[in-house]
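Shown next, in C-alpha cells, is the structure this report addresses.
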Amino acid sequence: MRFFELTNILAASSGRELPPETVITAITADSRQAGPGTVFVALKGACCDGHDYMEEAVGRGCLAVVAEARPSIDLGVPCFKVADTHLALGRLACALYGYPAAAMKLIALTGTNGKTTTSWLLEGILKQAGYRPGVIGTVNYRYMRPDATEVVRPAPLTTPDPLQLQALLREMADEGVSHVVIEASSHALAQDRLAGIDFDVAVFTNLTRDHLDYHRDMEDYFAAKKKLFTCNMKPLAAAVIVTDTGEAEGYGRRLAGEVELETVLEVGFDKKCQVRADDLRQGIDGMAWSLIIDKEQYPVRSSLTGHHNVLNMLAAAGAAHALSISGETIATGLLAVGQVPGRLERVTLPGLDGNRCPAVFVDYAHTPDGLANVLATMKSMTSGRLICVFGCGGDRDAGKRASMGRIAAKMSDLVILTSDNPRTEDPEAILAQAAAGVRDGGKVERSLAEMFAGDKAQNGFCIIADRARAIRQACALARPEDVVLIAGKGHEQYQILGRKKIFFDDRMQAKNGLAAWTVRHLVAATGGRCIHGAGQPVRMLGAISTDTRTMQPGDVFLALKGDNFDGHAFVDQAVAGGAGALIVADEVQLEESLPPVIRVEDTLRALGDLAGYRRRLFGDEVTVIGLTGSSGKTTLKEMTAAICSRFYETGEPAPRAVLKTQGNFNNLIGLPLTLLRLGAEHRIAILEMGMNQPGEIARLTEIAAPDIGCINNIQEAHLQGLGTIEGVAAAKGELFQGMDRDGILVVNYDDPLVVRQARRHKGRGIGYAVTPAGRRRKPEVRVTRVTGLGEKGSRITLHVGGWKKRFLFPAPGEHNVANGAAAAAIAHAAGIDPECIVAGLAGFSTIDKRMECVRVPGGLRVVNDSYNANPSSMAAALKTMAGFSPGSRKIAALGDMLELGHGSGEAHRRIGRLAAELGYDLLAVTGEYRQDVVTGAREAGMAREQVMGFVDTVAMADWLYHLMISGRLGEDDWLLIKGSRGMRMERLLQELQNRFDPSRTGE
C-alpha cells in the first residue's frame, strides 16, 4: 500500500504530504505497535481513547496518523481528519491486504442465538456441495487447505478486529477458499469491524435480550443487527431471515419488512415461509423432519435436536438455497453435521453404557431465550428429572439474571446455581440475584442430600459457587433416567475470575463427574457386594486411598493386605478421618454410623480392577502406553513424556494432558494408583511396568490395556526370581502377549530377545534400531551418524520413514541414544509428527538419579546414576562417563547389582575388569560383592592403590573427601555413582555434600 492510496481511501487532507509512492507497511490502532512505515489510527474505545496516544505513536516512528480531531500540536507527520476512525480502519485494512474478500463468496450470520450452530451447518452443506469453506466465528477460525489439512486458529472474538479479519481473509483467499461464513456480532457491527466488506448473503437468526450492558436498549441492539443488511450488502445480495422465532416483538418479521434488498427469504415453520419445516419428529438422540423449499420436499435427519435447532438448520438451508445449492445437497449436508461444540453437545464416556448414566448436555445458552429453548427441548425428552446447572456472567447485563433464574425454576426439576464468568463482580452477589429469580419461579432451596435422596428425593435448588464441583456433583448424583443440562459456557475453555483467565471446560468437568466414584461404580468395578449402606443417599466420593495418613475426607479407603501390614487394622482410623466408603476383604464390625462398605475377595485384585475400570471408562479418549524392560525404562518414560507434553502443550494454563508413572509406582500397587489418577483432561498415559516374578506384567497389562507397548531391552536382571535370561524374556514378553490385536508393539530391532517376543504377537509392530545389525531389519524409526560429545550428549540423525533430521540430543551415552530412538518410535506410534518428536528429544533433561550431572561444593563433577543397576546398565554408565572430558580423572563409586542369582560373583568381576579396561583412575566399591569387583579390576591391570573396598557409603565418602581436600581430585574430574536400588548409593552424594556443608546434615 502506498501513500497516495491512503489519501484516496480517506478522501481527506493531511496538512502535510509525503511522496505518493511512499510505502505503507502496516496499519495499527495500538500505539505500542507503531513504527517506521506504520499508519496509526486513533480509535475511541470504552476504556481509552487512541487520540491520547498519537504523540507516542509518532515518537515510535509512524509515518502518518488518522484521527477524528486534529491534535493541538503539530505532530510533524501527515494527520488525516475523518468523521469515523472505526470506519476508516476497516477500509484501510481492506486495502492493505489487497481486498481479499473480492475473490470469495461471503455469508454473514447475525442474531442473539444460533449463529455458531448455523455456521457449522452451513459449512457442512458447502462441503457437501464440493466447495472449500472457511468459517470465522465464536468457537474458532478455520478453513481447509488444498491438501485437505484443516487450519484452526483460536477465536478471541466472535468477529475479529478489521486488521485480523482482513489478514484471515487474505490467508483464506490465497489458500483457495471459495466461501467464507462470518458470524457478525452486534459489537462488531456497531464498531464497523466489517467496514469495506460486502456480503452475498446475510442471515438473521433471532433477537432476544442480551448485551444490554453495551447497547442502550433493545431498539439500539436491533439497529446494530439491521446495519448488516443496510450497509454491508452487495447489490444483488440475499437476506435470509428467520421470522417465526416466537419473539414477542417479532424482530424477524419487522426486519423482513424493512430490508430493501432484491431477495428476501423468510424461513421458519410458517407455511408462508419460502424455506420451511414440516412433520418434525425428535428424541434425545436426534430428529427427522421435512425440508420444504419452493414447495419441493426433502427428508432431513440429524443428530441435533430441539425446535430451535430446526430453525438453525432452516437458516443454513435458506443461505445455501440463496447460493443456488440444490435441496438434495442441502439435506445431505445437514445430515453430515454431527455435534456442534458446546451447542446441546452430548457428553458421554466411551466405557459407560447410556443405560447406566444420565444424559448430559452442555450448551452455550446464556440468555433467557436461549435457556428457555434448550430447557423446553430437554423437558420433552426427559423420563426422569431435568437438572439444570447454570450461572450468569459478571460485568454484563444484570437484568437477565433473575429472569434466567425464573426460567430455570419453572422448566427444570432441580436447579444447581453456580458461577459462570464472574469477572470483577462478587460471585456471591451474582448468585443471589439469580437465586431470587429461582425462588420467584417456585423452587425451594435444599441440600444436595435432600435433592438426591433416592426414593425420598425432593425437587428444589441449591447453590454451589464452585462451577467444577457443581457440574461434577450433578453428573455423579443424577440417575440414569435423568437429564443434566449444563448451560452458559458451552465450548469455552476458560473461566474469568476477577481479571484472571483460568482454564476451564464444562465438558471435561462433566466427564469427570460421570466417572466420579459412587457406590454404584465401586460395585461395578470390583464385582464386590455392598454389605452396608446400600440404602444411604447417593454421594460423590473422592479418590481411592490405601493409606489413612494421606486419605482426605470423602475418599474411598481400600484395606490392602501385605506380608508386613494389614489395612483392615486401620479401618476405624479411616472412618474417623471421614472416609466416604470402605472396600474390605475381611469382616468388619458393622455399625449404623459407618459409610458404605463393599466386600471383595482380594483387595489387591480389587485395586487393579478399580484402575482397569477407570481406564475402560475413558476408553479411546486416552492413549495408554505400557513400558517395560530390564534397564532404562524410567528414562524412556521421561523422554516419551517430554515429547508428548510438547505435542499437547497449549497456550492456556490447561491441566497437563500427560499422565505418567511417578517414582517407582510400577508394580501391582503403584501402577493401579497411577491409573486411578486418570481424568478427562488426560490425552495420554505413560505407564512403567516392573516385575520380580512371572505373571506380574501379565496382570499389569490386563489392568492397563495398553494401546502401545514397548519392551526396550531384555538383560540379566531379576535372575534370582526368574532363573535365566530366557525367563526374563518370557516375563517381559507378557506385555506383548497380553495386548489386543489392534495394539501397536514398539520393537527394539537391536535386541534379538525382544524381536523374538514380538514375533509371537500378530498385531502391528513399529521397529526401531540404532546399530547396523538392527537397521538391517528395516525398522520404521532409526538413528544413524551418532557422534558422541561426552557430557554434552550426542549429535544424531533421526529417521522416521522417509523423513530425517540431524540434531543435538543432550542425554549422554549410547544407551540413551537407544532410549531416544525408542521414545521416538513410541511417539510415532501415537501419531505425533517427527518435528515435534525432535523438539521433545532436543529439549530433554536428565532426571533424578539417572545419569544426572551435578557438582558437589568441593568442585568435583558427579554423575548420579544411582537409581538402579544390572550388568548391562552398569557397563553402559561406565562406558558413557569414560568418554567425558578427555584428560580429566575418572572415579567410579559402585554398589552391588542385586538379584542376579548364581552368576552374581562373575557379573561383578566383569564390571571390575571393564572399569580397568576403560582406564578409570580410581575404583571404589561397597556391598557384599565388592571383593569380586576388586578382583576383576586387579586382574585387568588396575594397581592395588587404585581399587578400594568399603563397608558402607560413609567410609567411601570419607575417602573421597580427603582426596578432594588434598587436591588429588579437582573440579575438572568426574565421579560416577551407581548401584542397585537396594544399595541406596545416592547416600554417597549426600554424605559428600554434608561434609562441605554441615548444615545439610539430617536432610
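The values are calculated or read from the model by the stated rules, or taken from the named source; none is laboratory data. Just so it is clear, the structure is predicted and the values come from calculations on it, not from any experiment. Methodologically, a virtual Cβ is constructed for each residue, glycine included, from the backbone with ideal geometry; neighbour enumeration extends over all protein chains shown. Heavy atoms of the whole protein, side chains included, go into the accessibility calculation; ligands, DNA and RNA do not. Shrake-Rupley method; radii C 1.70, N 1.55, O 1.52, S 1.80 Å.
Just give me the residues in the range 665-682 being modelled with pLDDT of 95 or more, open to solvent by 50 Å² or more (accessible area, probe 1.4 Å) and not aliphatic (A, V, I, L, M), in sequence order. The answer is N667, R677. Of the strands (runs of 3 or more DSSP E) that lie entirely inside the range 79-180, those containing 2 or more residues that are closer than 30 Å to P368 by Cβ span 105-110, 133-136, 140-144. Within the range 528-541, restricting attention to residues that are open to solvent by 30 Å² or more (accessible area, probe 1.4 Å) and assigned to a loop (DSSP other than H, G, I, E, B), the residue that is nearest to E450 (Cα to Cα) is P537. Name every residue in the range 346-358 that is crowded, with 21+ Cβ neighbours inside 10 Å and in contact with a Phe, Trp or Tyr (Cβ under 9 Å, 6 or more places away or on another chain), in order of residue number. Correct list: V347, L349. The C-beta contact set for the range 527-554 (first residue on the phi > 0 side of the Ramachandran plot, second residue at pLDDT 95 or above and loosely packed, with under 14 Cβ neighbours inside 10 Å, distance under 9 angstrom, 6+ apart or interchain) comprises G527/E601. Tell me whether the range 861-870 contains one or more residues that are more than 23 Å from Y929 (Cβ to Cβ) and open to solvent by 10 Å² or more (accessible area, probe 1.4 Å). Yes, the conditions are met somewhere in the range 861-870. Test each condition in (1) more than 30 Å from the chain's Cα centre (by Cα); (2) closer than 23 Å to L894 by Cα for T784 and report the one that comes out false. So T784 meets the others, but not (2). Checked against (1) closer than 25 Å to Q993 by Cα; (2) free of Cβ contacts under 8 Å to residues at least 60 places away in the same chain; (3) surrounded by 19 or more Cβ atoms within 10 Å (Cβ to Cβ), I911 passes all but condition (1).
Listed by position, the strands (runs of 3 or more DSSP E) contained in the range 710-801 that have at least 3 residues being open to solvent by 20 Å² or more (accessible area, probe 1.4 Å) and modelled with pLDDT of 95 or more are 781-788. Per the conditions (1) open to solvent by 10 Å² or more (accessible area, probe 1.4 Å); (2) at pLDDT 95 or above, the sole criterion not satisfied by L898 is (2). Inspect all residues belonging to the range 635-655 and state whether any of them is open to solvent by less than 10 Å² (accessible area, probe 1.4 Å), over 21 Å from the mean Cα position of the chain (by Cα) and touching a residue at least 24 places away in the same chain (Cβ under 8 Å). Within the range 635-655, one or more residues are open to solvent by less than 10 Å² (accessible area, probe 1.4 Å), over 21 Å from the mean Cα position of the chain (by Cα) and touching a residue at least 24 places away in the same chain (Cβ under 8 Å). The single residue among D563, D609, D547 that is assigned to a helix (DSSP H, G or I) and among the acidic types (D, E) turns out to be D609.
Considered as a group, the residues in the range 435-458 that are among the hydrophobic types (A, V, I, L, M, F, W, C) and under 11 Å from V415 (Cα atoms) include one that is farthest from the chain's Cα centre (by Cα), and that residue is V444. Checking each residue in the range 250-280 for being basic (K, R) and modelled with pLDDT of 95 or more picks out only R276.
With respect to the conditions (1) part of a helix (DSSP H, G or I); (2) touching a Leu at 6+ places or on another chain (Cβ under 8 Å), P595 falls short on a single one, namely (1).
Out of all the residues in the range 498-506, is one or more over 20 Å from the mean Cα position of the chain (by Cα) and in contact (Cβ under 8 Å) with a residue 24 or more places away in the chain? Walk me through it before giving the result.
Restricting attention to the range 498-506, the residues satisfying the condition of being over 20 Å from the mean Cα position of the chain (by Cα) are 498-499.
Adding the requirement that they be in contact (Cβ under 8 Å) with a residue 24 or more places away in the chain leaves 498-499.
Yes, that holds for at least one residue.
When the range 332-345 is examined, which residues are found to be part of a helix (DSSP H, G or I) and open to solvent by less than 10 Å² (accessible area, probe 1.4 Å)? Can you show your working first?
Within the range 332-345, the subset part of a helix (DSSP H, G or I) is 332-336.
Once the filter is applied, which keeps residues that are part of a helix (DSSP H, G or I) and open to solvent by less than 10 Å² (accessible area, probe 1.4 Å), the range 332-345 yields G333, L334.
Under the condition of being under 19 Å from L675 (Cα atoms) and small (G, A, S), the residues counted in the range 528-560 number 4. Which residue pairs have Cβ atoms closer than 9 Å, lie 6 or more positions apart in sequence or on different chains, and pair a first residue in the range 929-947 that is farther than 11 Å from L894 by Cβ with a second residue that is aromatic (F, W, Y) and crowded, with 16+ Cβ neighbours inside 10 Å? Partner pairs satisfying both residue conditions: M942/Y920; Q946/Y920.
Results for (1) among the charged types (D, E, K, R); (2) crowded, with 17+ Cβ neighbours inside 10 Å; (3) out of contact with any Cys (no Cβ under 8 Å at 6 or more places or on another chain); (4) farther than 17 Å from L194 by Cβ, shown as yes or no for each residue.
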| site | (1), (2), (3), (4) |
| --- | --- |
| S72 | no, no, yes, yes |
| G76 | no, no, yes, yes |
| G90 | no, yes, yes, no |
| A93 | no, yes, yes, no |
| A101 | no, yes, no, no |
| E123 | yes, yes, yes, yes |
| T138 | no, yes, yes, no |
| D147 | yes, no, yes, yes |
| T158 | no, yes, yes, no |
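Of the residues making up the range 662-684, not a single one is free of Cβ contacts under 8 Å to residues at least 40 places away in the same chain and under 21 Å from R764 (Cα atoms). Counting only residues that are exposed (fewer than 15 other Cβ atoms within 10 Å of the Cβ) and aliphatic (A, V, I, L, M), the range 13-32 holds 1 of them.
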